Amino acid sequence: MKTIEALCGLLEEAIGIIRQQAELLEMHGIATRDGNMEKAREDLLSRAEREGWTA
């Protein structure tokens, strides 16, 4: 159980970092040409919220 709790904590932290990085990239107008990375990030963050992976 402790391992699962630790992994959940790491996942929450990683999701937070992904959000911060997205904000910084957007702030500086940095985007990929085809938008694939941004789409993948949004899909991941949407799934994280839907699945309850974040606090």
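Specify the angular offset, from 0 to 90 degrees and rounded to the nearest 10, of the alpha carbon long axis of helix 36-51 from the longest principal axis of the alpha carbons in the chain. The two axes meet at around 30 degrees. For the chain, the solvent-accessible area with a 1.4 angstrom probe is 86 square angstrom per residue. Against the chain, whose longest principal axis is taken from its Cα atoms, helix 2-27 shows a tilt of about 20°. Taking the protein heavy atoms of the stretch 3-55 in the context of the full set of protein chains, the accessible area attributed to carbon and sulfur is 56 percent at 1.4 Å.
Dividing the C-alpha radius of gyration of the chain by 2.2 N^0.38 Å, with N its residue count, gives 1.30.
The values are calculated or read from the model by the stated rules, or taken from the named source; none is laboratory data. Because the structure is a prediction, the values reported are computed rather than measured. Ligands, DNA and RNA are excluded from the accessible area calculation, which covers all protein heavy atoms including side chains. Shrake-Rupley method; radii C 1.70, N 1.55, O 1.52, S 1.80 Å.
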